[in-house]
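**Student:** This structure is in structure tokens; I'll ask about it shortly.
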Amino acid sequence: MPRRVFYRISDRPDGLFDAITTIEPDTVIRRDGFGSLAEAEEWVEGLRVLMAALSAPVAQADAAGSPDVETAPEDAARPGTLRTAR
């Protein structure tokens with residue numbers, strides 16, 4: 001059975017953008033520090049291609065239908081790094 005994958009792009013006070021992806025049931029992937037929203041969306045498109053090859057469609061997270069993927073500030077990765085958590 002394919003796993004559900006959700007993503008969320010958030011903007012930061014410093015003007016950068018973060019992409020947070022949840023692969024159910026419990027894997028969170030963060031990509032921090034995109035310089036523009038377009039760069040973050042391009043990364044998500046690459047994620048869609050990869051996940052499609054695994055039969056796992058990617059959907060944008062919404063407040064009601066996706067898991068909470070917030071990470072405490074001390075757990076956040078440095079800008080431009082990929083972080084996975086389980």
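**Student:** Would you kindly derive the ³J(HN,Hα) couplings of the stretch 4-11 from the backbone phi angles with the Karplus curve 6.51 cos²θ - 1.76 cosθ + 1.60 (θ = phi - 60°), listing them in order in whole Hz, with x for Gly and Pro?
**Tutor:** 7, 10, 10, 10, 9, 10, 10, 9
**Student:** Find out how many positive minus negative residues lie around W43, taking Lys and Arg as positive, Asp and Glu as negative, among other residues whose Cβ is under 12 Å from that of W43.
**Tutor:** Spelling it out: positives minus negatives among the neighbours equals -3.
**Student:** Taking the Cβ of F17 as the center, what net charge do the other residues with Cβ under 13 Å away carry, scoring Lys and Arg +1 and Asp and Glu -1?
**Tutor:** Value of the local net charge: -3.
**Student:** Quick one: what are the phi-derived ³J(HN,Hα) couplings along the stretch 25-38, Karplus 6.51/-1.76/1.60 with θ = phi - 60°, whole Hz, x for glycine and proline?
**Tutor:** 3J(HN,Hα) across the stretch 25-38, in whole Hz: x, 8, 9, 10, 10, 10, 10, 9, x, 5, x, 8, 4, 4.
**Student:** Given points 7 Å out from each Cα along the Cα-Cβ axis, report the E24 to L50 separation in nanometres with one decimal.
**Tutor:** For the pair E24/L50, the computed spacing is 2.1 nm.
**Student:** Quick check for me: using +1 on Lys/Arg Cβ and -1 on Asp/Glu Cβ, what's the dipole size of the stretch 1-50 about its Cα centre, in debye to the nearest 20?
**Tutor:** In debye, rounded to 20, the stretch 1-50 gives about 240.
Each reported figure results from applying straightforward, stated rules to the coordinates on display, with no laboratory input. Being a predicted model, the structure only gives us computed values, none of them experimental. Here Cβ is always computed from backbone atoms with ideal geometry, including for glycine, and neighbour counts include all displayed protein chains.
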